[in-house]
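I have placed the structure first, in the form of structure tokens, so that the comments after it can refer back to it.
The values are calculated or read from the model by the stated rules, or taken from the named source; none is laboratory data. Only a predicted model underlies this, so the values are computations on that prediction, with no experimental measurement involved. Because the Cβ atoms are built from the backbone with ideal geometry, glycine has one as well, and the counts that use them run over all protein chains shown. Calculation scope for accessible area: heavy atoms of the full protein, side chains included, ligands and nucleic acids excluded. Shrake-Rupley method; radii C 1.70, N 1.55, O 1.52, S 1.80 Å.
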Amino acid sequence: MTSPPSSVLFDKGVIRRVYERRVRLALGESPTLLQVEAANAYARLSAITTSLYITEQTANILLRRTPSFAAPLLIDLQPLRKGRYLRRWARRLRDFAFSPEDAIVLAYGSFGVNLTVPGVGTEAVVTADLKMAARYQTNFGAIELRFKIMINDLGSGYSNLSLPQMLTTSDVLTKF
Amino acid sequence: MEKLVVDKDGKITIPPDVLAKRGLRPGDELELVEAAEGLLVYQSGVDDKTADWWNNLSEEDRRQAQAEARRYEFSSEKQRDAIWNEAAESLEVEAEGDEIDLPAK
């Protein structure tokens, strides 16, 4: 067991599966294994990590859903705002063959701004997307180098930013 | 794929890493399904967070949740994807106007 991250950003796919796990429960139907894994990872991190985040897009999607499903999630999860240069970093990440959506989520992990408790980025991004996680791990050295070059160019206000750790929902359940 | 061995009493032991990964604890129930593929062990328990959500809903909220669940579950995969792909965020330079300055240290 390793120490759990102090702050995590859930990607949209994880929140979708948590939502769908609840849909199945409301209908009295069996969940899929992926829904169970996401819901268990969400429950585990909720118990051990105080700062749980989502992107603005995920928050906007939840805000349009029925309150009985969405409201409790929106209490647990704070939306991060897009900090200056988030998109610029996301465009750099596209060079590593991440989809636009994956690049944005990863960029939130470094440039997402929490306005409630002032802070930038998260210690980890949690995903159910194994391909994205594998691509991040495989290219981490090159991504880190690119990141350092970019934040050095941005000046001192950005020197403390860092790359998030990538955790799959399965990692969460195995490691913490 | 895990290989399980049945002992003389018909019991099997689930490896500790699988217990941890699936969040299984003593007393949790599993369903054994005799399927065409063979025997399937299915996790049927509900995690604490999901159970708390359901248990804390009022009767009215449960009715609303069930109605929404029926609408959601009976929609097509394409319709569900559309829900979760609403308001996709742009990577373009032109969209950068909503980015905010980092908080002062």
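Applying the criterion of being under 23 Å from residue A:17 (Cα atoms) and of a type outside the set (A, V, I, L, M, F, W, C) to the residues of region A:157-176, the residue that is surrounded by the most Cβ atoms within 10 Å (Cβ to Cβ) is A:169.
The C-beta contact set for region B:53-69 (first residue facing chain A (nearest Cβ under 7 Å), second residue in a helix (DSSP H, G or I) and of a type in the set (Val, Ile, Thr), distance under 9 angstrom, 6+ apart or interchain) comprises B:65/A:23; B:68/A:23; B:69/A:23. Does any residue of region A:16-29 turn out to be touching a residue at least 12 places away in the same chain (Cβ under 8 Å), open to solvent by 10 Å² or more (accessible area, probe 1.4 Å), within 8 Å of another protein chain (Cβ to nearest Cβ) and not in a helix (DSSP H, G or I)? Within region A:16-29 (the criterion being touching a residue at least 12 places away in the same chain (Cβ under 8 Å), open to solvent by 10 Å² or more (accessible area, probe 1.4 Å), within 8 Å of another protein chain (Cβ to nearest Cβ) and not in a helix (DSSP H, G or I)), the answer is no, since none of the residues qualifies.
Taken over region A:141-156, the criterion of being surrounded by 15 or more Cβ atoms within 10 Å (Cβ to Cβ) and not charged (D, E, K, R) is satisfied by A:143, A:147, A:150, A:151, A:154.
Does residue A:68 count as touching a residue at least 60 places away in the same chain (Cβ under 8 Å) and either under 16 Å from the mean Cα position of the chain (by Cα) or open to solvent by less than 40 Å² (accessible area, probe 1.4 Å) (or both)? It is false that residue A:68 is touching a residue at least 60 places away in the same chain (Cβ under 8 Å) and either under 16 Å from the mean Cα position of the chain (by Cα) or open to solvent by less than 40 Å² (accessible area, probe 1.4 Å) (or both).
Consider region B:94-105 and keep the residues that are more than 7 Å from every other protein chain (Cβ to nearest Cβ) and open to solvent by 80 Å² or more (accessible area, probe 1.4 Å). The one that is farthest from residue A:109 (Cα to Cα) is B:94. Of the residues making up region A:86-99, those that are within 15 Å of residue B:95 (Cα to Cα) and open to solvent by 60 Å² or more (accessible area, probe 1.4 Å) are A:88, A:91.
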